[in-house]
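**Q** The structure under discussion is supplied below as structure tokens; questions concerning it will follow.
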Amino acid sequence: MEMRKKKLPIGVENFEELRKEDFYYIDKTGLIAELLHNWGAVNLFTRPRRFGKTLNMSMLEHFFSLNGDKSIFDGLEISKETALIEEYMGKYPVVFISLKGIDALNFKTAFEKAVLVVKRAVSKAYYLLESDALNEQDKENYRKLLDDNMSEAVFCDSLRVLSELLEKHHGTKVILLIDEYDVPLAKAHANGYYDQMVSLIRGLLGEALKTNNSLKLAVLTGCLRISKESIFTGLNNLKVLTVADERFDEYFGFADKEVKDLLAYYGVMDHYESVKRWYDGYQFGNVEVYCPWDVLNHCDRIRISPDVQPENYWINTSSNDAVRRFIEESANATTKREIERLVAGEVITKEIRQELTYAEIYQSIDNIWSLLFTTGYLTQRGKAEGRQMKLAIPNLEIRDIYVTQIMEFFKENVREDGEMLNRFCDALQNEDAENVEKIFTEYLRRTISIRDTAVRTEMKENFYHGILLGILGVKNRWGVSSNREMGEGYADILAEPDTGDMGIIIEVKYAHDGDLEGACKEALKQIEYTKYEDDLEDDGVENILKYGIACYKKRCRVVLAHR
């Protein structure tokens with residue numbers, strides 16, 4: 001009888017729950033030791049979304065915190081560090097807040113949410129009201145932190161005041177953990193109250209981290225490293241640990257060996273190659289890592305149905321704004337070529353600015369490159385030389401996001417080219433293969449082409465097929481259908497102009513060897529086997545045109561079948 005396997009911790013962000021409820025855990029407790037050995041009073045970790053930041057913060061909370069069951073660390077990496085355990089484990093009051101939920105359309109609501117977040121942390125220390133170590137004034141100060149209508153001034157001072165009261169009561173300094181510190185800033189930037197939010201967060205963090213004599217250690221996480229001037233003014237003891245940093249590089253994300261062990265444990269090792277191609281490829285410091293969110297989600301699915309194809313688990317979890325804005329820059333010929341090279345799997349060297357403010361993010365194409373790097377849509381390859389970094393798309397999953405956004409962008413732009421596209425459709429109707437070819441070639445030259453040696457021929461055909469459907473879509477009174485959608489294996493497109501007496505059948509082929517003529521013949525041969533023709537004839541449509549279109553990179557050839 002097979003032993004029951006551990007559960008996969010998808011979306012589990014509470015370390016204690018993960019350890020007690022028999023979830024599979026990839027041991028990252030070495031982070032604790034490294035944090036304590038390389039002492040920095042205030043540490044900021046910036047990593048892309050979905051790389052296990054919150055779980056690591058929860059692990060720190062449970063390690064240091066005065067209460068809670070410490071047996072959850074038994075048998076883990078950190079348990080070997082007896083001296084550290086003796087000195088630090090279970091010895092500190094911990095304040096842990098997450099700013100992830102501070103998402104609102106205006107500042108007033110955002111501030112109310114921020115107050116609730118602080119109040120939740122404050123109310124955990126309710127025992128302070130009974131404390132003999134605190135005098136009446138202290139208790140009065142504590143009560144102020146529970147007030148729904150606290151002022152911005154009281155709010156900004158809240159974490160510092162709470163730390164002082166905790167130190168007074170416990171006789172020991174405080175550990176402060178702030179998760180996702182930049183989410184409120186991102187939301188404020190998107191909704192137009194950025195300056196107010198910057199001054200609020202700057203106030204809160206300044207008091208909590210800079211003028212706080214009760215602070216033992218602080219750890220913050222976020223996606224972006226926001227420049228010092230805007231948030232961390234005058235914080236001299238801040239240690240910033242970004243994706244480019246070699247310290248702590250293995251504690252976020254899964255290493256290759258960890259993924260192999262995981263797949264072996266669940267008996268799905270035969271999926272290793274596809275998991276690697278789809279979800280690996282990030283480089284943090286010197287270590288190559290997989291995105292944990294994807295590996296766990298995919299592993300969970302292949303356990304149950306082994307023939308499931310890899311898919312995009314990222315696309316729904318974070319907004320792909322940065323990629324969209326990047327692709328919108330493709331009107332610039334250089335950027336367009338660079339996007340094409342990235343999608344084709346090449347490496348591009350750029351100067352990266354790690355410190356940005358939200359106001360600057362989309363101001364220049366250079367900043368967008370930096371943003372794509374910090375948010376995980378691009379990763380580094382090899383060693384950086386100064387600020388020059390070799391950048392690449394990490395894996396097939398992220399490449400899929402680019403391709404999707406390129407097609408979206410293409411569809412939006414099609415609408416603006418009405419005149420040229422109408423000429424294309426007229427040429428199709430008038431049996432003018434030469435002009436169909438000319439206009440389609442011109443169009444291919446202008447769009448971002450998706451070429452990639454690693455991708456199968458039928459995927460390449462999909463791209464051209466998608467472009468044709470996009471162009472025909474401008475004729476909203478035409479009937480346009482495609483066998484690809486019906487899954488019949490033939491990728492023809494059927495267009496029926498609104499005259500009602502004509503059917504146009506098109507077959508697209510990718511000429512992988514550059515032989516456009518041969519591919520056109522192949523396409524026309526394939527049309528002979530379609531069902532479309534019979535259906536049209538049954539409907540009494542006598543005028544049937546058949547086009548074979550062959551594409552290779554940005555060239556194409558169009559042939560009309562003889563009748």
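**Q** Restricting to the range 99-113, what's the tally of residues that are open to solvent by less than 10 Å² (accessible area, probe 1.4 Å) and either in contact with a Leu (Cβ under 7 Å, 6 or more places away or on another chain) or polar (S, T, N, Q) (or both)?
**A** The qualifying residues number 0.
**Q** Any residue in the range 121-135 that's closer than 14 Å to ASP147 by Cα: show its pairings with residues that are among the small types (Gly, Ala, Ser) and surrounded by 10 or more Cβ atoms within 10 Å (Cβ to Cβ) at Cβ separation under 9 Å, as long as the two are six or more apart or on different chains.
**A** Within 9 Å, the pairs are ALA121/SER158; VAL122/SER158.
**Q** Let me ask another. Write out, first by first residue and then by second, each pair whose Cβ atoms fall under 6 Å of each other, whose residues are 6+ apart or on separate chains, and whose first residue, in the range 226-248, is closer than 21 Å to ASN38 by Cα while the second is open to solvent by 30 Å² or more (accessible area, probe 1.4 Å) and modelled with pLDDT under 85.
**A** Filtered contacts from the range 226-248: VAL240/ARG225; THR242/ARG225; THR242/GLN354.
**Q** Sticking with this one: State whether the residues of the range 335-350 include one that is hydrophobic (A, V, I, L, M, F, W, C), within 19 Å of the chain's Cα centre (by Cα) and under 19 Å from ARG47 (Cα atoms).
**A** Among the residues of the range 335-350, not one is hydrophobic (A, V, I, L, M, F, W, C), within 19 Å of the chain's Cα centre (by Cα) and under 19 Å from ARG47 (Cα atoms), which makes the answer no.
**Q** Could you grab me the full set of residues in the range 235-257 that are more than 16 Å from THR379 (Cα to Cα), open to solvent by less than 50 Å² (accessible area, probe 1.4 Å) and in a loop (DSSP other than H, G, I, E, B)?
**A** LEU235, PHE248, TYR251
**Q** Filtering the range 258-269 down to residues that are among the hydrophobic types (A, V, I, L, M, F, W, C) and part of a helix (DSSP H, G or I), which residue is farthest from GLU77 (Cα to Cα)? Break it down into steps so the answer makes sense when it comes.
**A** Going through the range 258-269, the residues among the hydrophobic types (A, V, I, L, M, F, W, C) turn out to be 259, 262-264, 268-269.
From what is left, the residues that are part of a helix (DSSP H, G or I) are 259, 262-264, 269.
Values: VAL259: 18, LEU262: 17, LEU263: 21, ALA264: 21, MET269: 25 Å.
It comes out as MET269.
**Q** Taking the range 150-206 as the search range and keeping residues that are farther than 28 Å from LEU55 by Cβ and aromatic (Phe, Trp, Tyr), which one is least open to solvent (accessible area, probe 1.4 Å)?
**A** By that ranking, first place goes to TYR193.
**Q** Mind checking whether some residue in the range 374-388 is open to solvent by less than 40 Å² (accessible area, probe 1.4 Å), out of contact with any Phe, Trp or Tyr (no Cβ under 7 Å at 6 or more places or on another chain) and of a type in the set (Phe, Trp, Tyr)?
**A** Within the range 374-388, one or more residues are open to solvent by less than 40 Å² (accessible area, probe 1.4 Å), out of contact with any Phe, Trp or Tyr (no Cβ under 7 Å at 6 or more places or on another chain) and of a type in the set (Phe, Trp, Tyr).
The values are calculated or read from the model by the stated rules, or taken from the named source; none is laboratory data. These numbers come from a predicted model, not from an experiment. Virtual Cβ from ideal backbone geometry, glycine too; neighbours counted across all protein chains shown. Accessible surface is based on the protein model in full, side chains and every heavy atom, while ligands, DNA and RNA are left aside. Shrake-Rupley method; radii C 1.70, N 1.55, O 1.52, S 1.80 Å.
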